[in-house]
Amino acid sequence: MEIKVLVIEDEEYDVQRILRTVEPFRDTITVETVVSNGKDALEFLRERNHACDVIIMDYQISGGLYGEALIREIHAIDPTLKIIIITKRTINKSNIQFANELIQTGAYWFGTKYPADIEDYIYQPTDFNLLILNAYNQRQSELRLRRSQGKFDRKIVTILQDRPLLGQSSVMIDLREAIARYAHASANVLITGESGTGKELVALHLHYNSPRKYENFVPVNCAAIPKDLIESELFGFVRGSFTGARDGKKGLFEQANGGTIFLDEICELPLPAQAKLLRVLETGEIDKIGRNKSYRVSLRVLAATNRNIRKRVAKGQFREDLFYRLNILQIKTPPLREHREDIPELLTYFLHHFAGEENRIPPRVGQSALDLLSTHDWPGNVRQLKNIAQRLIIIAPDTIREEDVRRVLTLTKSTPDPDFGGLLKSAEILPWKEADRKFRRAYFRYVRSQCRTDAEAAQKLNLAPSNFHRMCKDLSLK
Ligand SMILES: Nc1ncnc2c1ncn2[C@@H]1O[C@H](COP(=O)(O)OP(=O)(O)OP(=O)(O)O)[C@@H](O)[C@H]1O
Ligand SMILES: [Mg+2]
């Protein structure tokens with residue numbers, strides 16, 4: 001370890017005392033240079049980057065630039081430089097207040113010089129050198145923190161670049177403005193909008209543009225967690241709190257502590273879990289199953305739904321008090337049919353994206369193909385456009401023509417198999433068990449083809465997601 005020191009001192013006698021004090025530690029501490037005024041010190045620091053770690057600075061020096069003003073100028077060059085101030089005893093202000101002001105301005109430490117007539121040293125040598133050592137260590141850990149934060153910053157930039165929120169229409173510009181405004185608030189946000197309009201994307205951008213961006217972003221799909229597991233998934237449990245709880249589990253809220261939790265499809269949260277969530281939002285504390293002491297969390301809650309949540313509140317299916325807690329700030333994502341002018345940009349982006357994944361040149365898009373895409377109604381919004389782009393790359397690798405678009409658009413409205421896997425055309429009468437299985441298999445397949453996610457399929461069938469999953473497995477569909 002080599003600690004490089006800059007000395008700012010204008011009295012030759014005191015310079016000698018400083019050099020004498022650090023002399024026994026010459027293996028570790030090197031005085032790089034000695035300057036007698038603030039201007040020379042700044043010049044040295046500007047010209048010789050990283051030339052020193054610690055500055056020993058006399059408070060009263062000639063040349064006009066000294067004290068607090070000099071500390072500020074030095075920190076403008078490098079805020080991690082550690083400054084130790086030494087002064088004579090003859091300071092007018094009371095010492096405590098004086099030292100305090102210096103430290104508030106950014107000095108690392110403050111010491112009173114030994115009286116010159118009785119001492120060869122500037123300060124007790126062990127204490128003085130330890131002070132330099134500690135200052136150096138603190139600077140090193142600050143530098144490390146800055147480096148890793150720099151790495152995080154670059155990572156966040158790539159996260160956002162990989163998932164851009166595109167569109168130059170006025171509704172999309174408004175949306176990005178709302179995100180920029182709300183990202184810095186700590187209030188909860190309710191994001192509403194049709195399926196596929198980018199609610200999750202908005203949540204991601206809110207988090208990574210917020211002061212919490214270095215902390216966790218934890219997305220939770222409330223529809224995908226089986227009802228009886230919701231509480232333990234969200235809030236966790238401690239070891240041995242119920243049969244089978246051999247290891248404890250960190251809940252999602254605990255994982256998101258300090259950061260952001262994104263509660264997607266919030267309307268699917270059953271009423272008992274809604275009550276628990278409300279308590280967490282009101283008190284900032286979570287009650288882990290099996291623990292009598294609650295656990296404090298500080299996080300931001302973003303929630304999203306594609307349902308009419310107010311209607312649910314009116315029907316008593318969603319707690320009104322919880323709704324108000326979540327709905328402090330609102331963002332509404334517009335359906336694609338309300339910003340059709342963004343379709344060309346979105347399409348180009350998705351075509352490049354999918355072509356890039358396959359190392360191909362993106363296809364050209366014929367004008368009439370683009371016209372057809374631009375007038376389509378897009379019930380599945382941007383997600384549907386994205387899926388269509390992916391299919392177009394496969395069926396029209398060079399040029400996308402109008403008929404290609406017609407083909408993929410009708411493909412999305414897949415028609416049900418009218419005869420359940422040949423069940424009704426077969427001359428043979430099958431045993432009921434077999435026919436029943438055939439029917440159920442065909443019907444489940446049809447329903448899944450009409451839904452984006454299994455959670456949605458389960459919901460449409462009015463089945464618990466866990467039951468739906470099990471039934472699919474029984475029917476060899478998973
Ligand atoms: N403005 C946009 N720019 C770029 N991509 C977008 C935009 N809007 C949506 N997408 C993309 O469309 C897809 C669907 O978006 P997202 O999952 O955020 O929708 P959602 O509103 O959460 O839908 P759902 O209600 O069905 O969950 C994602 O791949 C997303 O990246
Ligand atoms: Mg979503």
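The values are calculated or read from the model by the stated rules, or taken from the named source; none is laboratory data. All values derive from a computational prediction rather than experimental measurement. Using ideal geometry, Cβ is built from the backbone for each residue, glycine included, and neighbour counts are taken over all protein chains shown.
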Counting only residues that are surrounded by 15 or more Cβ atoms within 10 Å (Cβ to Cβ), within 24 Å of the chain's Cα centre (by Cα) and farther than 20 Å from H207 by Cα, the range 250-276 contains a total of 2
Exception for L160 within (1) surrounded by 16 or more Cβ atoms within 10 Å (Cβ to Cβ); (2) within 14 Å of ligand 1 (Cβ to nearest atom) falls at (1)
Taking G167 as meeting all but one of (1) farther than 25 Å from F350 by Cβ; (2) surrounded by 12 or more Cβ atoms within 10 Å (Cβ to Cβ), write down the number of the exception.
(1)
Restricting the search to the range 450-467, which residues are part of a helix (DSSP H, G or I) and within 16 Å of ligand 1 (Cβ to nearest atom)?
Q450, D454, A455, E456, A457, A458, Q459, K460, P465
For the range 296-319, pairs from a residue that is on the phi < 0 side of the Ramachandran plot and away from ligand 2 (no atom under 16 Å from the Cβ) to a residue that is among the polar types (S, T, N, Q) and assigned to a helix (DSSP H, G or I), with Cβ under 6 Å and 6 or more apart or across chains, are R319/Q274
Among the residues of the range 180-201, which ones are within 17 Å of the chain's Cα centre (by Cα) and within 7 Å of ligand 1 (Cβ to nearest atom)?
G198, K199, E200, L201
All but one of (1) part of a loop (DSSP other than H, G, I, E, B); (2) of a type in the set (S, T, Y); (3) modelled with pLDDT of 90 or more hold for S374, so report the exception by its number.
(1)
Filter the range 154-179 for residues that are more than 14 Å from the chain's Cα centre (by Cα) and β-branched (V, I, T) and give the result.
V171, I173
What residue, of V382, V365, is among the hydrophobic types (A, V, I, L, M, F, W, C), more than 24 Å from S195 (Cβ to Cβ) and modelled with pLDDT of 95 or more?
V365
Just to be sure before I move on: is E345 of a type in the set (D, E, K, R) and either out of contact with any Gly (no Cβ under 7 Å at 6 or more places or on another chain) or in a loop (DSSP other than H, G, I, E, B) (or both) in the structure I sent?
no
Flagged pairs (Cβ under 7 angstrom, 6 or more apart or on separate chains; first in the range 373-396, within 11 Å of ligand 1 (Cβ to nearest atom); second among the small types (G, A, S)) are G380/S195; G380/G196; N381/S195; N381/G196; V382/G196; V382/G198; R383/G196; Q384/G196
Selection count where residues are closer than 11 Å to L302 by Cα and within 13 Å of ligand 1 (Cβ to nearest atom), scope the range 208-225
2
Give me the helices (runs of 4 or more DSSP H) completely within the range 143-238, filtered to those with at least 2 residues that are more than 16 Å from ligand 2 (Cβ to nearest atom), ordered by residue number.
170-183, 230-235
Could you pull out the residue among I343, I309 that is within 12 Å of ligand 1 (Cβ to nearest atom) and of a type in the set (A, V, I, L, M, F, W, C)?
I343
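Okay, residues lined up against (1) within 18 Å of V202 (Cα to Cα); (2) in the same structural domain as Y108 (by TED's automatic domain parsing):
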| residue | (1), (2) |
| --- | --- |
| Y123 | no, yes |
| F128 | no, yes |
| A135 | no, yes |
| R139 | no, yes |
| F152 | no, no |
| T158 | yes, no |
| P164 | yes, no |
Quick check: anything in the range 329-350 closer than 23 Å to L271 by Cα and away from ligand 2 (no atom under 16 Å from the Cβ)?
yes
Evaluation of I122 against (1) touching a residue at least 40 places away in the same chain (Cβ under 8 Å); (2) surrounded by fewer than 14 Cβ atoms within 10 Å (Cβ to Cβ); (3) within 30 Å of E12 (Cα to Cα) (one fails), failing number:
(2)
G67 passes all but one of the listed conditions (1) out of contact with any helix residue (DSSP H, G or I) (no Cβ under 8 Å at 6 or more places or on another chain); (2) at pLDDT below 95; the exception is number (1)
With the condition kept exactly as written, say whether any residue in the range 190-205 is assigned by TED's automatic domain parsing to the domain that holds F318, among the hydroxyl-bearing types (S, T, Y) and modelled with pLDDT of 95 or more.
yes
Could you check the range 281-307 and list, in sequence order, the residues that are part of a strand (DSSP E or B) and either in contact with a Cys (Cβ under 9 Å, 6 or more places away or on another chain) or within 30 Å of P335 (Cα to Cα) (or both)?
R300, V301, L302, A303, A304, T305
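Yes/no matrix, rows are residues, columns are (1) more than 19 Å from L299 (Cβ to Cβ); (2) modelled with pLDDT of 90 or more; (3) outside any loop (DSSP other than H, G, I, E, B); (4) within 16 Å of ligand 2 (Cβ to nearest atom):
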{"position": "G240", "(1), (2), (3), (4)": "yes, no, no, no"}
{"position": "A245", "(1), (2), (3), (4)": "yes, no, no, no"}
{"position": "F253", "(1), (2), (3), (4)": "no, yes, yes, no"}
{"position": "N257", "(1), (2), (3), (4)": "no, yes, no, no"}
{"position": "L263", "(1), (2), (3), (4)": "no, yes, yes, yes"}
{"position": "Q274", "(1), (2), (3), (4)": "no, yes, yes, no"}
{"position": "R279", "(1), (2), (3), (4)": "no, yes, yes, no"}
